[in-house]
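Below: one structure, written as structure tokens.
The values are calculated or read from the model by the stated rules, or taken from the named source; none is laboratory data. Values in this document were obtained by computation on a predicted structure and should not be read as measured data. Virtual Cβ from ideal backbone geometry, glycine too; neighbours counted across all protein chains shown. Only protein heavy atoms, including side chains, enter the accessible area calculation; ligands, DNA and RNA are left aside. Shrake-Rupley method; radii C 1.70, N 1.55, O 1.52, S 1.80 Å.
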Amino acid sequence: MRVLVIGSGAREHALVAALRRDPEVQAIAAAPGNPGIAQLAEVRPVDPASAEAVVALARDFGADLVVIGPEVPLVLGVADAVRAAGIACFGPSASAARIEGSKAFAKDVMAAAGVRTAHSEIVDHPGELDAALDRFGPTWVVKDDGLAAGKGVVVTTDRSAARDHGAELLEQGHPVLLESFLDGPEVSLFCLVDGETVVPLLPAQDHKRVGDGDTGPNTGGMGAYTPLPWLPAQTVTEIVDDVVKPVAAEMVRRGVPFSGLLYAGLAIGQAGPSVVEFNCRFGDPETQAVLALLDSPLGALLYATATGTLAEAQPPRWKDGAAITVVLAAENYPGRPRTGDVISGTEGTAADAAVLHAGTASREDGALLSAGGRVLNVVATGTDLTEARAHAYERIAAIKLPGSHFRTDIGLAAVEDRISLPARV
Ligand code: GLY
């Protein structure tokens, strides 16, 4: 199988690394890729959001399967164009990708499917904002209705901060979604979905705030770990049966069947799992940890999903132990990150700690430069979370990037047994 991976972050680096471990995958290309991916696959400078360019590349490369990593090309219909060209594509149609592209659409699907989620209201005009804020909070949850790379969400007990964020979004012409706050530990459950067939991967937990102890602004994700020692297997079954399967069935009923990776972000509260968000693609940085524990061929799973044969595919097998991703971010991330600094200490391989590239570029002289907010990920495994954390933090300490920062507490609350599920009411 020849596979083309679309995207340029650490999630795509992890996908390429996992595809390389699949003996059925003979060749991998990535577009546009990054300097880390270039060590594993042929990289081509193609705009991932251009359906025409992606189809031309897929044809030129002779791809049997195209895997689309980020949400923007999916929402723009790149998967539709690849399928229309007769090439198997892992990723939903533009119509199905609205589950992430429009929070209002996602809410409507959930309501029709009877899936628990936060109460919400859409605000379109600045004049409606104050009255709407009075009907919510504290705590206020203020979201950009469209795509915002994880940074369109403000969760705050400060009404004026909530108001400022809502007003700024409206000024930019973006509808605002106000939501009631969902309490309880958060879970990311990624499911391969092909119509009504749903195959869950390992549950993971992201760390969205920039600072230790969940302080500071939201980011695209500062780290993740899997599996979740505090989450009973029966809760995963409950999420699949009561959340993901009804949503998949509702999408089929509406004539927009989902094909690809449906990411359910949930809070496990007193009433059980409630949906915080759906995404139409692999999550970042959770995927990097989840794939580190995958013990089955990834290409076969993605190809089966893309070709409507997931129900007949071998279910995924998982390695024992735990995996963790720690994100190394540039100075000032998630504001205006500083870029263009030389990075050192990424060389060398260790069996239990890989360095994945997220926002990097190569200089002409071969030096590696920072080129984004989230710059690198260290992905480590261990017999348990304590060991995985030790491997990750030992590896990240050897990386040098001026002004960079990372959270030191990824997975720590789980190790210290500080996460518990609320009693059901
Ligand atoms: N982990 C957050 C995201 O992928 O959107």
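At 222 nm, what value in deg cm²/dmol follows for the chain if DSSP H runs of at least 4 each add -39500 (n - 2.57) and the sum is divided by all its residues, to the nearest 500?
Using -39500 (n - 2.57) per qualifying helix, the result is -8000 deg cm²/dmol.
Distance from a point 7 Å along Cα→Cβ of GLN172 to each backbone N in segment 348-376: keep the residues under 19 Å and list them by number.
The answer is 372-374, whose backbone nitrogens lie closer than 19 Å to the label point.
Can you give me the % of accessible surface on the chain that is carbon or sulfur? Probe 1.4 Å, all protein chains present, nothing else counted.
50 percent
Please state the shape class of the chain: rounded when a/c is under 1.5, otherwise prolate if a/b exceeds b/c and oblate if not, all from the C-alpha gyration tensor.
Here the chain falls in the rounded category.
Could you report the accessible area of LEU228 in Å², rounded to 10, computed with a 1.4 Å probe on the protein chains as they sit in the structure?
10 Å²
Once amide H atoms are placed 1.01 Å from N in the peptide plane, what residues at a sequence separation of 5 or more from VAL67, or on another chain, have their amide H within under 5 Å of its amide H?
HN-HN under 5 Å from VAL67: LEU4, VAL5, ILE6, PHE90.
Counting only heavy atoms of the protein chains, get the accessible area per residue of segment 1-97 (1.4 Å probe) and round it to a whole Å² value.
Roughly 35 Å² per residue, with all protein chains present.
At a probe radius of 1.4 Å, what is the per-residue accessible area of HIS405, in Å² to the nearest 10?
50 Å²
Calculated FRET efficiency, ASP183 and ARG2, Cβ-Cβ r, R0 41 Å, to nearest 0.05?
After rounding to 0.05, the efficiency reads 0.30.
Need the full-extension length gain, GLN26 to ASP134, defined as separation in residues times 0.36 nm minus the C-alpha distance. One decimal, nm.
Residue separation times 0.36 nm, minus the Cα-Cα distance, leaves 33.1 nm.
Measuring from label point to label point, each 7 Å out along Cα→Cβ, what is the ALA367 to SER420 span in nm?
Each label point is offset 7 Å from its Cα along the Cβ direction, giving 5.3 nm.
How large is the convex hull of the Cα atoms of segment 180-290 per residue, expressed in Å³ as a whole number?
Given the Cα convex hull of segment 180-290, per-residue volume reads 111 Å³.
Accessible area per residue, 1.4 Å probe, Å², for segment 151-262: what's the number?
Computed with neighbouring chains in place, this is 38 Å² per residue.
Between ALA38 and ARG159, what is the spin-label point distance in nm, taking each point 7 Å from the Cα along the Cα→C-beta axis?
5.4 nm
Work out the FRET efficiency for ARG253 and ARG317 from their Cβ-Cβ distance, taking R0 = 30 Å, and round it to the nearest 0.05.
0.40
Under unit Cβ charges (Lys, Arg +1; Asp, Glu -1), what dipole magnitude, rounded to 20 debye, does the chain have relative to its Cα centre?
Its charge dipole is roughly 320 debye.
For the pairs LYS208/LYS400; LYS107/LYS143; LYS245/LYS319, note any where the Cα-Cα span goes beyond 21 Å.
LYS208/LYS400; LYS245/LYS319, as the Cα separations exceed 21 Å there.
Once you put a point 7 Å from the Cα of ASN332 and another 7 Å from the Cα of ALA398, both along the Cβ direction, what distance in nm separates them?
Those two pseudo-labels are separated by 3.1 nm.
Treating only the Cβ of Lys, Arg, Asp and Glu as charged (+1, +1, -1, -1), what charge dipole size does segment 64-183 show about its Cα centre? Round to the nearest 20 debye.
Computed about the Cα centre, the dipole is about 340 debye.
Can you figure out the FRET efficiency of SER296 with ASP60, using R₀ = 41 Å and their beta-carbon distance, to the nearest 0.05?
Given R0 = 41 Å and the Cβ-Cβ separation, E is 0.85.
Tell me, in nm to one decimal, what length is gained between ALA85 and THR237 on full extension, where the rule is 0.36 nm per residue of separation less the Cα-Cα distance?
51.0 nm
Can you tell me, using C-alpha contacts under 8 Å and at least 6 residues apart, the relative contact order of the chain as a whole percent?
17 percent
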